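Q: Take a look at the following structure, please.
The values are calculated or read from the model by the stated rules, or taken from the named source; none is laboratory data. Just so we're clear, the structure is a prediction, and the values are computed from it rather than from any experiment. In this analysis, Cβ positions are derived from the backbone assuming ideal geometry, glycine residues included, and neighbour counts consider all displayed protein chains. Areas reflect the complete protein model, heavy atoms only, side chains present, ligands, DNA and RNA absent. Shrake-Rupley method; radii C 1.70, N 1.55, O 1.52, S 1.80 Å.
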Amino acid sequence: LEMYRENVFVFTPKGRLIILPGGAMPLDFAYAVHTAVGDTCDGVKINGVVRTLRTQLKNGDVVEILRRPESRPVVGWEALTVTGRARSAIRRLIRDREQIEFVKLGRTLIDRDLRRAGIDPIEIDMPRIARRADFETSEDLAEAIGRGRYETDDFIRTAFPGHEPAQSDPEQRMLIDDNHASR
């Protein structure tokens, strides 16, 4: 009898029983079914009715996860879960998405500063420069630049020993950055 108080017993639309801890919500269910289901969760139907992801599941509920391939968890979804599995999967997905964004930003900064230095970015052997700068991959290097942990000036010095990046007037650099931000 104690087991029934600590757990909630819900079903998939095909009748598969899923046992979750008491207080579980739809995202806990989605990740209990499969990580890919949770990763692409876009909404939920409980007993055939569309509900919010904040809805606590009750014994006997039939839960259908509404999915969209481009849907991704957002910061704050961890609060909509009680299971460690769901929380860690959401954190992993958010961390992966952040990494992709920082790599893109780093590549943009590298490209911009190489062009400012009069260097064609196409001619750069990124994997070799990354190793020379003590990074395992060019993505790691771009991510470090995107996060601000490694400066593009240091990148240029590593790529072209003896070449000093153009020293611009700080006020002029602020104007350039402001113009870039307004576009």
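Q: Given charges of +1 on the Cβ of Lys and Arg and -1 on the Cβ of Asp and Glu, with all other atoms neutral, how large is the dipole of region 4-129 about its Cα centre, in debye to the nearest 20?
A: Working: 22 positive and 16 negative charges, 75 e Å.
Roughly 360 debye, rounded to the nearest 20.
Q: With θ taken as phi - 60° and the coefficients 6.51, -1.76 and 1.60, list the Karplus ³J(HN,Hα) couplings across region 40-50 in order, rounded to whole Hz; mark glycine and proline as x.
A: 10, 5, 10, x, 8, 10, 10, 6, x, 10, 5
Q: How large is the dipole of region 1-62 about the Cα centre if only Lys and Arg carry +1 and Asp and Glu carry -1, each at its Cβ, rounded to the nearest 20 debye?
A: Values: 7 positive and 6 negative charges, 45 e Å.
With only Lys, Arg, Asp and Glu charged at Cβ, the dipole is about 220 debye.
Q: Count the DSSP beta bridges whose two residues both fall in the chain, then state the antiparallel fraction as a percent rounded to the nearest 5.
A: Working: 13 of 14 bridges.
Of the beta bridges lying entirely in the chain, close to 95 percent run antiparallel.
Q: Here's a follow-up. For N7, list long-range residues whose amide hydrogen, built 1.01 Å from N in the peptide plane, is under 5 Å from its own amide hydrogen.
A: G22
Q: A further question on this structure: Hey, any idea what % of region 1-87's accessible area is carbon plus sulfur with a 1.4 Å probe? Don't skip to the answer; put the middle values down first.
A: Details: 2670 of 4940 Å².
Roughly 54 percent of what the probe reaches on region 1-87 is carbon or sulfur.
Q: How much length would be gained if the chain were fully extended between R132 and T108, taking 0.36 nm per residue of separation minus their Cα-Cα distance, in nm to one decimal? All intermediate terms of the calculation are to be shown ahead of the outcome.
A: Details: separation 24, 0.36 × 24 = 8.64 nm, distance 2.03 nm.
Taking R132 through T108 to full extension adds about 6.6 nm, to one decimal.
Q: In Å², what does the accessible area per residue of the chain work out to with a 1.4 Å probe? Intermediate values should be presented prior to the final figure.
A: Numbers: 11320 Å² over 183 residues.
Computed with neighbouring chains in place, this is 62 Å² per residue.
Q: What is the calculated FRET efficiency for I19 to E70, with r their C-beta to C-beta distance and R₀ = 41 Å, to the nearest 0.05? Let's see the in-between values first.
A: On the way: r = 31 Å, r/R0 = 0.75.
Computed FRET efficiency for I19 and E70 comes out at 0.85.
Q: With θ set to phi - 60° and the Karplus curve 6.51 cos²θ - 1.76 cosθ + 1.60, what are the ³J(HN,Hα) couplings of region 62-74 in order, to the nearest whole Hz, using x for Gly and Pro?
A: 9, 10, 10, 8, 8, 10, 9, x, 8, 6, 9, x, 10
Q: Output needed: percent of Cα pairs per 5 Å distance bin for region 1-59, bins running from 0 to the one holding the longest distance.
A: 4, 18, 30, 29, 13, 4, 1, 0
Q: OK, next. Which residue, D120, D140, D28, has the most motion in a Gaussian network model of the chain that connects Cα atoms within less than 10 Å?
A: Of the options given, D120 has the highest mean-square fluctuation.
Q: I'd like the distance separating the alpha-carbon centroids of region 48-83 and region 9-34, in whole Å.
A: Taking the Cα centre of each part, region 48-83 and region 9-34 sit 10 Å apart.
Q: When Lys and Arg each count +1 and Asp and Glu each count -1, what net charge do the other residues less than 12 Å away from R67, Cβ to Cβ, add up to?
A: Values: positive: K45, R68, R72; negative: D39, D42, E64, E70.
In short, -1.
Q: Find the relative contact order for the chain and round it to a whole percent, using C-alpha pairs within less than 8 Å whose residues are 6+ positions apart. Walk me through the numbers on the way to the answer.
A: Values: 258 pairs, mean separation 28.7, N = 183.
Relative CO of the chain lands at 16 percent.
Q: In terms of modelled amide H atoms, which long-range or inter-chain residues lie less than 5 Å from the amide H of G43?
A: Close amide H contacts, sequence-distant or interchain: L66.
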